[in-house]
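A.B. asks: Okay, here's the structure, questions in a sec.
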Amino acid sequence: MNKIILITGATSGFGEACARKFAAAGGYDIIITGRRKERLTALRTELESGAYGPLSTPRILPLAFDVQDKASVDAAIGSLPDTWQNIDVLVNNAGLALGRDFFDEANMDDWETMIDTNVKGLLYVSRAVLPSMTAKGKGHIINLGSVAAKDIYEKGNVYCGSKAAVDAISHSMRIDLLRHGIKVTAIHPGAAETEFSSVRFKGDETQAKKIYDGYTPLYAADVADVIYYCATLPAHVCLNDIVMTCTAQADGIYFYKKT
Ligand code: NDP
Ligand code: 8X3
């Protein structure tokens, strides 16, 4: 019988690549979530098409909701059909940065959105999914942090703070969920070329592209590979905290760029 994985933020970037990775590997039915319904529908069609070979026969369930809205999160998870309720792996990936401004100049609505999405959204989804894991005494929660959690950079303020919160909350979850046999992994990627920078710079593609000039960044598939590796380790093994960067990046701040 296939395991069940729920991936937040599966309409783009890491989450979408993660859905493709698990579909291609086989052995998983996949709940894909995000706000953009049309993207979820297109991804479902793609993943169910058999394009990933004979190993790939996943059931796919698209679930559109905004992680910032606790009532919507509870309604969506609460509405899961019986055959989808037994979630084995939760990937808390939905998130974003908005703006890159000095603390005293930053847009406070952007701050609210980052905190509501990156921190509160992760909490809401985790609490909604956890009963299916605690009931069976196993499960795996994989949270997407960032190098921005580990090294605070200029004009990173609340994005860095929100990811530092994800880092601390992941540690805390790991401690508190020990008694339920639930694994908690935090993955902290460095710069990865997805829609992340387009979102951060509010559609300014020139500014977004500049972030990846002069070096080869991570790609979404690189992060999906690591998520898959963590999720498929033996039952007694948990990778707790992973920082991963492209070869041209040393930490949250230092890059070697050929420009
Ligand atoms: P993308 O912008 O490509 O994807 C972000 C995903 O999050 C989308 O599927 C989006 O779906 C979803 N999302 C955003 N807000 C909400 C919301 N309110 N409710 C539900 N879903 C939401 O970015 P990445 O794939 O790069 O980022 C994924 C995660 O990884 C984020 O948490 C990000 O902070 C983190 N990260 C990214 C890095 C990078 O350099 N790219 C590096 C380190 C960490 P939709 O808009 O359809 O709702
Ligand atoms: C995304 C990576 O360096 O822009 O979390 O903060 S960075």
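A.B. asks: Relative contact order of the stretch 1-117: what whole-number percent is it, with Cα pairs under 8 angstrom and at least 6 residues apart?
C.D. replies: 28 percent
A.B. asks: Another question, then. How many Lys pairs in the stretch 136-241 lie less than 25 angstrom apart by Cα atoms, where the lysines are 8 or more positions apart or on different chains?
C.D. replies: Here the count comes out as 16.
A.B. asks: What number, in percent, do you get for the relative contact order of the chain if the mean sequence gap of Cα pairs under 8 Å and at least 6 apart is divided by its residue count?
C.D. replies: 19 percent
A.B. asks: Then there is this: Is there a quick way to get the dipole size of the chain? I mean about its Cα centre, with the Cβ of Lys and Arg at +1 and of Asp and Glu at -1; what is the value in debye to the nearest 20?
C.D. replies: Roughly 680 debye, rounded to the nearest 20.
A.B. asks: Projecting each Cα onto the charge dipole of the stretch 101-145 (Lys/Arg +1, Asp/Glu -1 at the beta carbon, about the Cα centre), which of Val129, Ile115, Phe102 comes out farthest on the positive side?
C.D. replies: About the Cα centre, the residue reaching furthest to the positive side is Val129.
A.B. asks: Using DSSP, restrict attention to beta bridges with both residues in the chain and report what percent are antiparallel, rounded to the nearest 5.
C.D. replies: 5 percent
A.B. asks: Hydropathy at least -1.0 by Kyte-Doolittle, axial extent at least 24 angstrom from the Cα trace: which helices of the chain, defined as entire DSSP H runs, fit?
C.D. replies: Qualifying helices: 157-176.
A.B. asks: What is the order of Val89, Val199, fewest Cβ neighbours within 10 Å to most?
C.D. replies: By the 10 Å Cβ count, ascending: Val199, Val89.
A.B. asks: Taking only C-alpha pairs under 8 Å that are 6+ residues apart, what is the relative contact order of the stretch 125-259 in percent? If you can, show how the numbers build up before the last one.
C.D. replies: Working: 186 pairs, mean separation 39.0, N = 135.
Reported as a whole number, the value is 29 percent.
A.B. asks: Return the loop-located chymotrypsin sites (Phe, Trp or Tyr not before Pro) in the stretch 226-259 (DSSP other than H, G, I, E, B) with at most 16 other Cβ atoms within 10 Å of their own Cβ; answer none if there are none.
C.D. replies: Tyr254, Tyr256
Throughout, read-outs are computed from the coordinates displayed, never taken from laboratory work. Just so it is clear, the model here is predicted, and its values are computed rather than measured. Backbone-built Cβ (ideal geometry, glycine too); neighbour counts: all protein chains shown.
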